[in-house]
Structures are given as C-alpha cells and as structure tokens.
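The values are calculated or read from the model by the stated rules, or taken from the named source; none is laboratory data. Quick caveat: nothing in here was measured; it's all calculated off a predicted structure. Positions of Cβ are backbone-derived with ideal geometry, glycine not excepted, and every protein chain shown enters the neighbour counts.
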Amino acid sequence: MRKHRVLGIVLVAVLAFILVPFAQAQEKVVKIGSLFPMTGRAGLYGLDSVDAAEMAVEEINAKGGVAGYKLEFTNTDSKAKPADAVRIAKRYIDEDKVHFLFGVVSSAVGLALTEVSKQNKKIFIGTDHASTQLTVDKFQPYYFRVSNNTFQSMAAGALYLKELAQTKPWTTIAYVGPDYAYGHDQWNELKYNLDRFGVKYKIVGEYWPKLFAPDYTPFITSIIKDKPDILISGLWGGDSVAFIKQATPFGLFEKTLFCSPDAGGNYEVMSATGAELPLGLVLSARHHNNWPDTAANKEYVQKFFKKTGRYPTYAAEGAYAGILAIAQAVEKVGNPNDADKLVKALEGMKIQLPEDPEGFTSYIDPATHQIVQVQAVGVTVANDKFPPAKRMLGEWKIYKAEDLLPPKEYIESKQKK
Amino acid sequence: MEIRNNYKEIVFWAILFVIFGSLPIIGSSSYHLMLASHILLWGLFAVAFNMLWGVTGMLSFGQALYFGLGGYGVGLMVRHVGSDWFVPGIGLGLIAAAILSFAIGLLIIRVSGVFFTVLTLAFGQLVWQITFRWYEFTGGDDGIQGIIPPGILSNKLFYYYATLLIVIASIWLLRRISLSPLGVLLRCVRQNPNRVSFIGQSVRYSQLRIYIVSSVFSALAGGLMAGVDNSIHTDMLYWTTSGEVILMSVLGGIGQFFGPFIGTAVFIVIQEFVGAKTEYWPLIIGLIMMTMVLLLPRGLVGEFEALKTRLQSRMVADRG
Amino acid sequence: MDLSFLVVQLISGLSLATLLFLVASGLTLIFGVGNVFNFAHGSFYMLGAYFAYQTIAAFSANFWLATLAAGIGAGIAGMIAESLFLRRIYGRTEEGGFQILLTYSFILVIDDLVKIIWGTEYKTILRPEGLRGSIELFGITLPSYNLAIIGIGFVLVVVAWFILGRTRPGRIARATALDREMMNAMGVNVPLTMTLVFGIATMLGGFAGALAAPLRSVTPGAGIEVIIDSLIVVVIGGMGNFWGAWFGALILGEVIAFAVVLVPEWASVVSYVVMVLTLIFKPEGLFAPRSVRKV
C-alpha cells in the first residue's frame, strides 16, 4: 500500500516536471535572468534590488504586460563571485533561454558578465555597479547601465567643490577610500574633474584602508594631522558607517569638510548612523528618498516601503529603472527575441524615473550606453521622516546631466589603451 | 587487494571516459559543457589537494594560492603580452607554482598539524592581498576578462576534449605517484613520522616534494579554468576557495584516491541546484558539511565501500 | 612628525590593538587550553554584537548590561556547539582538519541564521552614556570610549593571566590542554572542562563583538572580516598564548598605525607582511613555548 503511494508521488512529480515547461510556454513571457548577491556585505543591496525589480514587474504585469508579453523575473544569488556569476549566466542563456541578463552590485562581477553578454549577444542591463570602465574602456554593444557611474558622481562632487571655493575658499584636500579598483577610480576621476573645471587644490594625504576594514582609528588621527580643508571619502556601506562613527568623537568633522559624492548619501548609511550622523556633511547617492520632491518619487518610495517595511537604498531604484527600460524596449520592438533591434531601441531611449526632477527625463546615451541623469548633492540635516534615519540630505545643489558626462577626449584616451 | 583496487580503478576511468566523453555527443548545451569542465577542473584540483591531506596528512588551507597562480599565469600573459600567449601562460603558471611552492614549502614544512594549516592559510592570504591591491599589474579586484584561447583552442568543443584528456592524464599521473615508493613513504609519514626518520628517510624532503607536486597540479587546474570562464578574478586566490576544495574532498572521502573527484561532482551539482532554488545555500552547504564530518567522515565513496564490505561479510557469514 | 602626533598615533594604534586583542583572546584561549582551532570564532563575535543589539532593542537596556548579556549569550551558544558537535570529533585521526571543517560549517550556518532572524540591514548600537564624547589631553582630542576599551583590554589580560596561572581551575585547564587522557585518569571531568573552556572563549568573542559594535556596523558576515585579522594576531603572538596574543595585537596595531602614515599605499598589506616575517624567522610565533616544532 505504502509503496503505491510513493510511486504515485514520484509519478506526479515527474509529470509536473515535464508539464511545467509546457505550461509556461503557453504564455508569452519576457524572461529576465538576474544575478544580484543575496549574501555578505552586498546582500543588502541585492535584497533591495530584487524587491524593487519585482515591484516594477508586478506593476507592469498588472497593466497587462508589454506588447502581449508578461515579464518574468528570476534571481539567483551570484554570491558576488565572478566565477559563479559566469556559470549562472550561462545557465540562464542556455537552459532558461532568458532574454536579458540583469543586475549586479560588484563591478568585478559586472566586468565578467559583460564578457558573457558580448560573446552570446545577450543584452545585459547593469543596475548598480559603478565602474566607469564598463561604458568606456570595456564598452560592448550589448551592455547598458541604468544608474550613474562613478565618473558622473565625481564630476558632480568636483562642481560642488568649485562652487564652494567661491563662498568658502579652500585649498587642501585629502582622500580616504577602499584599497581596490572602486576606491582608486573615484579618486582619479575626482582629480580629473577638478582639473577639468579649473579648480586649484593641493593634496595633503591619500589613505587606502582595505575593503571591509573594521577599524579606521589610525587613519583618522593621521588625517587630522594633515589638516585638509576637504576630505573626500570613497568608502561605501558599512565601511562608511564605521568611519563616520569612529571619526566623530575625534572631532574630525569640525575640522574638515567631509564629502562623499558617490555612495556616502546612500540611505543605509543614514539609517545605520541615526542621530550619530554629524550635520553638515556633503553627501550624494544615485537616488535619494527625499529628492526630487515629485509625486513620482514619493509614490515610488512609499510603495517600496509598503512592500518591504523599509526604505530603499539607491540600489533599488537602479533595478526599478532597469525593468522599466526593458519593458519600454520590448514595447517598442514588439517582441523580446531580436537582441540587435532591442539594442537599437535602448540607444537614446528616454525613461521617466522616480529620480527625475520636473522637466527632465533620463535617457540612455547612444554612444556609451550609459544613462544620463541629473545628480543632486546635499548636506546632512535633521529629518526623521524616514526612520530609523534621523538625518537626511537637504540644501540641495543640482547638477545638470550633460555637465557630468565624460568628455570625448577622456573616452577616446581610455578606449585607446 | 591489488585486483580489487584495479577493478575499482577501471570503473572510475570508465565512468570518466564514458560520461564526460559522451556529453557533447548526446547534444548538451554549452552550459552543460561548462558545468562538466568545472567538475573536471575542480576535480583535478581536489585530487591534487588530497595528495597532501589524504595521502600525507598535511592539511593545507592555502591551495587556492596555486590554483589562482595558474589562472593568473594565463591571465597576465594574455593581458600584458597578447592572447596568443595562452598556452605559454599555462606553462608560466606551472613554473611559478613550482618555484613558489618550493620556497614556501621550505618555510612551512618546519611545523606540523594545525600550525601547518594556519601557515598555508597565511601565505595564501598574503598573495591574495597583493594581487587584490596591485591594480596596475593584476587588474586588482576587477580581475582580467577576455581570456580567449587562440587558434583551434577557441573552439569550445575542442577545448573541452583537451581539458578532459589533460585532466585524465594528470589524475593518472597523480595516481602513479601515490602508488610509487614516495607515496608509500608518505603514508608511513602520516602514520608515524618518527619511525620514517629512524629508517633513514628524510621526512621533510618527501613532504616538500609532494607539496610541490600538489601545487603544480593545482596550478594546472587553475590555468585551464581561465580558458573555460574566459575571465579570472582574485576570488580564485581567496581562502574560501581553499575551503571549498577541502569540503569537496571530505564529501567524497579523503581516504580514497578518487573520493575527492566524486565529491567535487556531487558538490558542484548540489551547489548549482540549491543555489538556483534558494538564497540560503550557505545554510544547506553548512548542514551537509556538518553531517559529513559528524556522521559520514569517510566521505561518500568511503562510506559506500564500508557498506559494501559489511554486506559482503554478512553474505559470507550467511553462507557459512 | 611632531611629538604630540607621535603620541596620538601611538594611542590610535593601541586602540586598534586592543580591539584586535579582544577578538583574538577567545581564539587563543580555546587553542591554548582546548587545543581546538575555532575557525568560527568570528561568528561568535558577530552573535555577540547582535545579542547586544537585541537586548537593547527589546528591553531598552543599558549598554553594559547588554554587553554582559551578549557575552553570556555567545558563551551559551558556544557551549551548545561544543557539546553537541565538536565533542564528537575529539581524538579522531585527522582531528585538526575536521575541527577546521566543522567550525567552518558553523560560520555558514550562523551567518545564514543571523540573516534569517535579523535581516541584512545594518544595525546600530550607540556608545554608552558618558563615553560618547572625548577628552582633551595636551591639546589632543581623544574619544573616551576608545580609552575605556584600552583599559578593558588591559584588565582582561591581567585577570586572564591570574586565573590561568594562579588558580586551580586555571591550572587544570592548562593541564588538560597538554594531555586530555592523563587528566581523565586523574579524575578530572575532561568533557565538562572542555565545554566550559569553549564557553568562556566564545563568551570573550561575544563580549568583544558587543564592545566593538558601537564603532562598527553590525551586519551578517561581520565575523568573517575579523577572523583573518585575529588569526594574524594569534600567529604573530604564538598560538595559545594569552600574553602572546596581547603583544601580537600590540605589535600589529602599532605597525599598522605607523604604516598608515609612512607607507599609506601599502597599509592594507602590512599586516600580512608582519605575519610572514614572523613566520620566516619564528614559525611558532614570537611568544610561543618551544615545544611545537616537530620531530
């Protein structure tokens, strides 16, 4: 008797396995294979990205999908490891027959995946990784990025510093950033942009703690000795939190202006430091929960909060933007199967995003496949509307998208190398 | 004893040839080929690693160093000289691994037990950190992409069969070494180092030799891996890579020569399957690991053997 | 480099060293006394930080009470892990390897459990009341919390030295490390001793996690980031030696503190260099007993 039951279960399972693909094949779907990390330090961004992407997919499918297709989104934890990501991407392409590769937080994983995307002619939508290389030196036609890169953030930072010099003259500058590609890129790009905008400065210190270093005390005391007017920070996430917490009682932020234009203003930094976050730090991020003050942005943030019970980091908006871009491209082409036509559709595409202020629409630069967006740089002010954060950014300075793009010579000199 | 061993070996080689050799013929996708290549290369890495632990009793937590060195030999050649230098790059990795393992080996075989393990870990992390931050030369955390083997090797099918043949030849060679007088001596070292030195054999010299052998074959696996993934990354050198290869070996059984290879296949398939279904894969891998260590320490192959022996002896008893 | 900066940087290094030592102390204790290499020590450190966070969040408890609770919680977790799992592999051939594997599996399991319970968002613990500010000393600003931690580290060394060296339980524990069978024959309850020592070691880890939490971000995976540094400390100082760990941490902390100033580009590699130099000249560590060299 028991034997029969077991046999029955096995049969049903086998049948289900055979039938499931058929059932799916009945419906027309756009398959999006995503590779966000769900573990480790970057797991927070992965989780936010997946939640926001699912939110966008639900919104679009609720309206009946695009061009008769429903969106189907799957995420596999890439563990932020390039080798694993490559294998998963291969599976997505060969087995699951996805139409788009999607995601990733780490630039290293992004670089490995853009190689896969190039060889298999499969569009890869980059949402969070920041390395400028992907749209400059390592540019390939099937890669698109829907969030700002470090060059754009650093250009905004440089413009901010240029304006600051007119009201509050400064001369010396120091840098602290994680000792890997992301940290070094930011510093080089900042210096390049300061030169480009004709800002005079003197470097008094450069500091390279290792990524995920738990203790910054010796760096802090040494920075204080250098007495820089401006301290640029390229730290992100938990590292930024630890640095700020450790530096505050040393009085560092009273002696120098702290400026972190790429990831310093990301929401998790504010939620993790609460009331300990000093006022008057100059920070920015690729999306802000309280800027622009438009209905679209408010709706996006509240919807995310309702879905997850927390406020989004900027990673979330990147993923959200990526799904919107895919939907719009499929709508235009009429099907998700012709990668080359989709590339054409994405090039120059205008996408209305939560982070767009009144009168501006983000668009994808056809030459580099990099999204072009306005960047707002703010100063920490008291604001408890987004708990657990007690500080948010305010006193915004807005930088026009076109001013932040790398100039032609820069791209050409990089591509030649 | 000899005959049974032969029979087991024949089964292993037959499986290796038939399954991996026929994969492309039965119409597998390039994803399956990649998965199979990963099993073959990690399998070689695990067998080479087990030459140290299973055969000699020296647990290295730093073999990722040589695995990564193999990969970076290829990667650096391709990055700095050109993609035609893929094969010389593999050679470079092997030579570098031989030299470095000789130098490090001299330093670390002075201590044994957990001390040895920690030292291997320490050296592995040192090389990882240097690679990670020496951005101009190694590409740092960005890794190196676009490693496409030149000429006929760029054909995926050809590359796959080349990998298969090299892996089989290497494992066969390692098998010969483990059965050679050196291998026998090392097993004695594992059981009683003092006695070996009493009979006039240099323990350290033998250990150094096997450390170099293991490292060179790890580098070979790493070098070939670069051509499968078309990119390499500092993760190859990180301690978690060393940890994974230990885990694969334990899963298959460290007391068995072919155990680590079987363990690798099982591990990669589980990881692929579990990883696709849940983000809580570390929990599941952790639980599997605990089960293996606590309940099945002989590994899948070892436990299977033990079960067979028990059944056979019961059958004999029944007949008697 | 003027004198006052020299002093500041020395204190800075001392603060770094003390936190390194607090984490490494449990690792070295369980190795020296229990002969167990606990690769998951960092995970107990992380558990401590989360326990402290939870105690404060649930009972709005005082920081010091929460730290105490964190230590006790991590200690209990350690004792459970020891008595349910680790105990089963003592005395097995290849015990060392299986120890590392088993404790490595603890890392994976504890990390995911923490993620399931507390999520991936960073958690915050504030510095205790009264230690949030800083004090001025000869024109130097020093955070009072860092100074308090330096003091706690020093007290811990002295207390541990006293207990291990001058009391009967301490002597039993050290003797057990040398020969489990002999102690068993002499009527010492070896399994109980091992469980207790393991519990104390993980308690130290949890305690360190809670103390470090106000200065760091509390996230899953925090344990993996400290384990390699602690390992370096223990290797430099000589495994299993309490004073050694303290000196090892001190050397490492000061070397890093001055490398930051003198060779900033190589600051991230310096700890490995110190370790490798130690290994080349004294593979058993600077302060280890001489017996570990083999054959």
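Of the residues C:VAL255, C:VAL273, C:VAL233, only one is buried (at least 24 other Cβ atoms within 10 Å of the Cβ), among the hydrophobic types (A, V, I, L, M, F, W, C) and in a helix (DSSP H, G or I); which? Walk me through it before giving the result.
Working: C:VAL255 fails: buried (at least 24 other Cβ atoms within 10 Å of the Cβ); C:VAL273 fails: buried (at least 24 other Cβ atoms within 10 Å of the Cβ).
C:VAL233 is the lone residue from the list that is buried (at least 24 other Cβ atoms within 10 Å of the Cβ), among the hydrophobic types (A, V, I, L, M, F, W, C) and in a helix (DSSP H, G or I).
Identify, from the list B:VAL213, B:VAL293, the residue that is within 12 Å of chain C (Cβ to nearest Cβ), in a helix (DSSP H, G or I) and crowded, with 19+ Cβ neighbours inside 10 Å.
B:VAL293
Suppose the filter is part of a loop (DSSP other than H, G, I, E, B), in contact with a helix residue (DSSP H, G or I) (Cβ under 6 Å, 6 or more places away or on another chain) and surrounded by fewer than 21 Cβ atoms within 10 Å (Cβ to Cβ); does C:LEU164 pass it?
Criteria not met by C:LEU164.
Can you pull out every residue in the stretch A:78-132 that is of a type in the set (Val, Ile, Thr) and within 11 Å of another protein chain (Cβ to nearest Cβ)?
Passing the criteria: A:VAL86, A:ILE88, A:ILE93, A:VAL109, A:THR114, A:VAL116.
Within the stretch B:228-252, which residues are within 14 Å of chain A (Cβ to nearest Cβ) and aliphatic (A, V, I, L, M)?
Those that are within 14 Å of chain A (Cβ to nearest Cβ) and aliphatic (A, V, I, L, M): B:VAL228, B:ILE232, B:MET236, B:LEU237, B:VAL245.
Which of the residues belonging to the stretch C:224-268 are touching an Asp or Glu at 6+ places or on another chain (Cβ under 7 Å) and among the small types (Gly, Ala, Ser)?
C:GLY238, C:SER268, listed by residue number.
Looking at the stretch C:95-109, which of the residues that are more than 7 Å from chain B (Cβ to nearest Cβ) and touching a residue at least 24 places away in the same chain (Cβ under 8 Å) is farthest from A:THR39 (Cα to Cα)?
C:GLN99
Determine, yes or no, whether B:VAL111 is more than 14 Å from chain A (Cβ to nearest Cβ), in contact with a helix residue (DSSP H, G or I) (Cβ under 8 Å, 6 or more places away or on another chain) and part of a loop (DSSP other than H, G, I, E, B). Break it down stepwise before answering.
Working: more than 14 Å from chain A (Cβ to nearest Cβ): yes; in contact with a helix residue (DSSP H, G or I) (Cβ under 8 Å, 6 or more places away or on another chain): yes; part of a loop (DSSP other than H, G, I, E, B): yes.
So B:VAL111 passes the test.
How many residues, within the stretch A:187-216, are outside any strand (DSSP E or B) and within 14 Å of another protein chain (Cβ to nearest Cβ)?
Matching residues across the stretch A:187-216 total 11.
Can you pull out the residues in the stretch C:218-277 that are facing chain A (nearest Cβ under 10 Å) and polar (S, T, N, Q)?
The answer is C:THR219, C:SER268, C:SER271.
Give A:GLY126, A:GLY65, A:GLY103 a once-over and let me know the one that is out of contact with any Asp or Glu (no Cβ under 8 Å at 6 or more places or on another chain) and crowded, with 24+ Cβ neighbours inside 10 Å.
It is A:GLY126.
Given (1) surrounded by fewer than 24 Cβ atoms within 10 Å (Cβ to Cβ); (2) small (Gly, Ala, Ser); (3) in a helix (DSSP H, G or I), where does C:SER268 come up short, assuming only one miss?
Tallying (1) surrounded by fewer than 24 Cβ atoms within 10 Å (Cβ to Cβ); (2) small (Gly, Ala, Ser); (3) in a helix (DSSP H, G or I), C:SER268 fails exactly one: (3).
Among the residues of the stretch B:14-30, is there at least one that is assigned to a helix (DSSP H, G or I) and either within 14 Å of chain A (Cβ to nearest Cβ) or modelled with pLDDT of 95 or more (or both)? Break it down into steps so the answer makes sense when it comes.
If we filter the stretch B:14-30 for residues that are assigned to a helix (DSSP H, G or I), which is where we start, we get B:14-22, B:30.
With either within 14 Å of chain A (Cβ to nearest Cβ) or modelled with pLDDT of 95 or more (or both) added as a condition, the list becomes B:30.
Checked the stretch B:14-30: at least one residue is assigned to a helix (DSSP H, G or I) and either within 14 Å of chain A (Cβ to nearest Cβ) or modelled with pLDDT of 95 or more (or both).
Checking the structure you have, find out if any residue of the stretch C:168-176 is of a type in the set (S, T, N, Q) and either out of contact with any Ser or Thr (no Cβ under 8 Å at 6 or more places or on another chain) or free of Cβ contacts under 8 Å to residues at least 40 places away in the same chain (or both).
no
Taking the conditions exactly as written (more than 20 Å from B:ALA46 (Cα to Cα), within 14 Å of chain A (Cβ to nearest Cβ) and not polar (S, T, N, Q)), does B:ILE152 satisfy them or not?
no
Residues of the stretch A:226-251 being facing chain C (nearest Cβ under 9 Å) and either assigned to a strand (DSSP E or B) or closer than 23 Å to A:ALA285 by Cβ (or both), which ones?
A:GLY237, A:GLY238, A:ASP239, A:SER240, A:VAL241, A:ALA242, A:LYS245, A:GLN246, A:THR248
When residues of the stretch A:375-405 are filtered for being in a loop (DSSP other than H, G, I, E, B) and crowded, with 22+ Cβ neighbours inside 10 Å, how many remain?
Looking only at that region, the number is 1.
Answer yes or no: is there a residue in the stretch A:217-225 that is over 26 Å from the mean Cα position of the chain (by Cα) and more than 9 Å from chain C (Cβ to nearest Cβ).
yes
Within the stretch A:142-177, track down each residue that is in a loop (DSSP other than H, G, I, E, B) and out of contact with any helix residue (DSSP H, G or I) (no Cβ under 6 Å at 6 or more places or on another chain).
Correct list: A:ASN148, A:LYS168, A:PRO169, A:TRP170, A:THR171.
Scan (1) within 13 Å of another protein chain (Cβ to nearest Cβ); (2) outside any helix (DSSP H, G or I); (3) buried (at least 24 other Cβ atoms within 10 Å of the Cβ) for the single condition B:MET225 breaks and write down its number.
If we test B:MET225 against (1) within 13 Å of another protein chain (Cβ to nearest Cβ); (2) outside any helix (DSSP H, G or I); (3) buried (at least 24 other Cβ atoms within 10 Å of the Cβ), just (2) comes out false.
Assess whether C:LEU14 counts as being under 29 Å from C:ARG174 (Cβ atoms), part of a helix (DSSP H, G or I) and over 13 Å from the mean Cα position of the chain (by Cα).
yes
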